[in-house]
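Everything below concerns the one structure shown next.
The values are calculated or read from the model by the stated rules, or taken from the named source; none is laboratory data. None of the values given here were measured: they were computed from a predicted structure. Heads up, the Cβs are rebuilt from the backbone with ideal geometry, glycines too, and the neighbour counts pull from every protein chain shown. Side chains are part of the model used for accessible areas, which takes the heavy atoms of the whole protein and leaves out ligands, DNA and RNA. Shrake-Rupley method; radii C 1.70, N 1.55, O 1.52, S 1.80 Å.
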Amino acid sequence: MKKVCALVCGTVAFSVLIFFLLLRFLPYPALNAFQSRPISTRIYDFRGNLLQIIPQENGVRREWIPLDEIPSFVKHIFLGAEDRRFYQHHGIDIGAILRASFQNASEMRTVSGASTITMQLARIIRPNANRTIFVKLCEAFNALRLEMRLSKAEILELYLNNVPFGFNAEGVASAARTFFALSIEELTEPQATCLAVIPRRPALYNPLSNPELCAKAAYDLYSSVAEFAESSYTADDFLLAANSAHSFSYPFEMPHFVRWLSQQPESPIGHAREVCTTVDLSLQHVAEDLLARSVERYASNRLTNGSVLVCDTQSGAIRAWVGSTNFFDERHNGQIDGVLTQRQPGSSMKPFLYALALERGYSPSSVLPDIPSEFGFERMYAPQNFNNRFNGPVRLRVALASSLNIPAVHLLNEIGLDSYLQKLRELHFVSLEHADPGLGLALGNAEVSIFELTQAFSVFARDGVFLPLFALASEKTLSKQKSFHVYDTNTARLICDILSDADARAMGFGFAPVFRTPFPSMFKTGTANQFQNITAFGATPQYTVGVWMGNFSGETVVGKTGSSVPAKIARELLVYLQGKNGSPFAKPAQFKKERICALSGLRATEHCPDTVSEYVAAGVPLEDCTWHRNNVGAQGTTSYPAEYAAWFRIKNRSGAVDEKGSPLRITSPRSGSLFYYDASVPASQQKLAVEATGGSDEKADFLLDGKMIAQVTRPFVAYVPIIQGNHTVTVRCGNAQTEIAFSVK
């Protein structure tokens, strides 16, 4: 008999052990998934202003608050409402089950429940609308599993942060905000008690719609809880608390920025309780207002949208992000983020090319040709300036500040497209990773984003150091670790000096007040696709601003609004940020100012009519100007180099072209060009103009495929018949000879 008893006891003990081991170690994937599900992150600007509380996909808000930050009276009142023996049972309250069974049997209806908080949590983890005996047994089993795996504090914390209140609110923190527009710490005891009764029947006890019923249930609950039995609160206090309920207007600030932030790798949104960003909500509102008023003003010009990005120049911290004029404007695609959308920026790209040119041996005084030019071979490219004029020889400083097109294309043709693309990729223009834009890249024909442009433009006022833009305070150190010099310090400082030079800008823009600020500032603007996109960038050593305006639909802007529209927004934002104060741009080291000829860029002599002061590399000798001398021909005292001959002849200009002595070359067409024969036009009318400059004599012979076709005097221009096939044109002048090849199909 003793052996039988021992065997039975051993079997029972072993079964109990197995049962508890199953409770403890049996996989519980529903709990794992529940503990890792996203929460509603509170997002703040750097001053602590609330931007958004992120809802879940189903619209539910579930803010998380640690148990030790929940006021004690809130915990007590919820324990009193749902599970007064919470700390005495192990997930199932046998006494409560017996009591509820007796009461329900006596009343012949369900008047009391026996679910513990742990059982309710098990139901929240794995909800089931069917309330069968089997479902309840499963909940009881899962409650035991929870008690074996989690501490009482962890169970209570999970419950209080996930208990459903209806009306898209889960957890006490979200409920306090939804029903009383308060944080959980700001609730009074009567208000917290009103919250505690809502989960029982959310529609009935909602204080927003039924304050009297909510107050009565709350008063009855409060009076029954031992901890508050001696309280001095009256029924009127609870009615007053219920009547104080009012809906919280959840902020929806900076929607494009928040969406971008949530899509970043390892984004804290959905995992962190709160996120402090680098943005400034006050600045954001100013930017939104400036953009909206500007779009409204130019609505008749079919200008419907825009975007603005502002960053701190020295740190790379994002300060404002306006993705569109109105996020909710479906007609004009307001939910598209103009900060990230790739568009052709036009001339706004030019500073990066000119900076590369400075590093390849050019200087601010280098003279570039702004003359009728053709680039390429089979695909000929003949750029035009925005004003359809040719300015002849133009110093690099003026060409950049006045945003002339032909000098920019000339530079890119000389430097090489591959070298420029490599530099742009160093500047993190990821949009250009697989781009093949051709020489039009000099004029911004490739699509990039305002984010990329603003990030890159800020390097100039940062002495050529690239810093990735960031939005979280925790990313500041990481951003500095990723910094590197993308341009030499002197190069960056020269670009700042050029783009802040009002005199150099005058050729292209006059002395427009839109670029004037009470402090040193630099600007670059651009237009593209017949004003489909108009952009402007402004910077100081403190802040950088990027603005795009246009239409997401692709429609062009009507009329000549020009890039001065976004430039004005950039200017006003800089003035808002800095008032009348601002640091000057640093001066380039190892450079000195010297008087140069305004036309030739060489050291000024007494014969130069116009001179300017320009930065010249210290220790590098500068030649005297040879363009201005006394008595250079009857036409004046200016002698242009031979490459400007065609430009010089367009109009009756003063001066002369010094072609003699310069190398003989054919300026048009380019060798390798392809032309097409038109059978519908008489052969006698199809001729190709061939132009040449240089040489030592006043006459030149033109040969087609080795046969003489013309002998001309200066200017050297001959007309060659267009005949199908491959051909060679040779020009002889004195002892010099040059030739080109072309084809006709």
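In order along segment 396-401, the phi-based Karplus estimate (6.51 cos²θ - 1.76 cosθ + 1.60, θ = phi - 60°) of 3J(HN,Hα) comes to 4, 4, 5, 4, 6, 4 Hz; Gly and Pro are listed as x. Taking amide H as placed 1.01 Å from N in the peptide plane, ARG61 has its amide H under 5 Å from the amide H of GLN56, ALA169, GLU170, each at least 5 places away in sequence or on another chain. How far is helix 94-107 tilted off the main Cα axis of the chain, in degrees rounded to 10, range 0 to 90? It is inclined by approximately 70 degrees. The stretch between LEU417 and GLN481 holds 20.1 nm of extra length on full extension. This uses 0.36 nm per residue minus the Cα-Cα distance. Each peptide in 682-693, 703-714, 71-82 receives the mean, over its residues, of other Cβ atoms within 10 Å, and ordering these scores from highest gives 71-82, 682-693, 703-714. With a ≥ b ≥ c taken as the square roots of the eigenvalues of the C-alpha gyration tensor of segment 446-564, please select rounded if a/c is under 1.5 and otherwise prolate if a/b is larger than b/c or oblate if it is not? Oblate, since a/c reaches 1.5 and b/c is not below a/b. Just the protein heavy atoms count here, and of the accessible area of the chain at 1.4 Å, carbon and sulfur take up 52 percent. The trypsin sites (Lys or Arg not before Pro) of segment 512-617 that DSSP puts in a loop, and whose beta carbon has at most 12 other beta carbons within 10 Å, are ARG516, LYS560, LYS580. Relative contact order for the chain: 9 percent, from Cα pairs under 8 Å spaced at least 6 residues apart, divided by residue count. Matching the structure-derived semi-axes √(5λ) of the Cα gyration tensor in Å against the labelled list [x] 47, 27, 22; [y] 79, 28, 23; [z] 51, 30, 24 gives the label [y].
Which of the GluC sites (Glu not before Pro) found in segment 225-265 are loop residues per DSSP with 12 or fewer other Cβ atoms within 10 Å of their Cβ?
GLU230
Between VAL275 and ARG42, ILE43, TYR44, the built amide H atoms are under 5 Å apart, and every one of these is 5 or more places off in sequence or on another chain.
Structure shown: which of LYS423/LYS480; LYS423/LYS482; LYS660/LYS687; LYS707/LYS745 lie over 25 Å apart, alpha-carbon to alpha-carbon? Working shown, then result.
Details: LYS423/LYS480 20 Å; LYS423/LYS482 17 Å; LYS660/LYS687 27 Å; LYS707/LYS745 21 Å.
Violating the 25 Å Cα-Cα cut-off are LYS660/LYS687.
Heavy-atom accessible area per residue, the chain, 1.4 Å probe: how many Å²? Working shown, then result.
Working: 34740 Å² over 745 residues.
Result: 47 Å² of accessible area for each residue.
Annotation: amide H of THR116 within the under-5 Å range of ASP93, sequence separation 5 or more or interchain, hydrogens built in the peptide plane. Using only Cα atoms and rounding to the nearest 10 degrees, what angle (0 to 90) does helix 417-426 make with the longest principal axis of the chain? The answer is roughly 30 degrees. Segment 703-717 and segment 425-481 have Cα centres separated by 51 Å. Around GLY316, what is the net charge, scoring Lys/Arg as +1 and Asp/Glu as -1 over all other residues with Cβ under 11 Å from its Cβ? Net local charge, GLY316 excluded: +3.
For the chain, with only Lys/Arg (+1) and Asp/Glu (-1) charged at the beta-carbon, what is the dipole magnitude about the Cα centre, in debye rounded to 20?
Details: 70 positive and 69 negative charges, 137 e Å.
Charge dipole, the chain, about its Cα centre: 660 debye, nearest 20.
Value of Rg to Rh for segment 505-587, rounded to two decimals, is 1.01; Kirkwood radius and Rg both from alpha-carbon coordinates.
Highest average first, the peptides 718-726, 263-271, 125-133, 418-426 ordered by how many other beta carbon atoms sit within 10 Å of their residues are 418-426, 718-726, 263-271, 125-133. Straight-line cross-link partners of LYS476 among the aspartates and glutamates, defined as a Cα under 14 Å from its Cα and at least 8 positions apart when in the same chain: ASP312.
For ASN128 and PHE252 in one chain, what is 0.36 nm times their gap in residues minus the Cα-Cα distance, to one decimal in nm?
This chain segment gains 41.3 nm when fully extended.
Taking a ≥ b ≥ c as the square roots of the eigenvalues of the Cα gyration tensor, an a/c ratio of 1.5 or more together with a/b larger than b/c marks segment 578-732 as prolate.
Over segment 295-349, what is the relative contact order in whole percent, taking alpha-carbon pairs under 8 Å and six or more residues apart?
Numbers: 69 pairs, mean separation 14.5, N = 55.
For segment 295-349, the relative contact order is 26 percent.
Each of GLN56 and ARG259 was given a label point 7 Å from its Cα along the Cα-to-Cβ line. The distance between the two points is 2.3 nm. Helix 281-297 and the longest principal axis of the Cα set of the chain meet at an angle near 50°.
Highest mean packing comes first when the peptides 283-296, 459-472 are listed by Cβ atoms within 10 Å, giving 459-472, 283-296.
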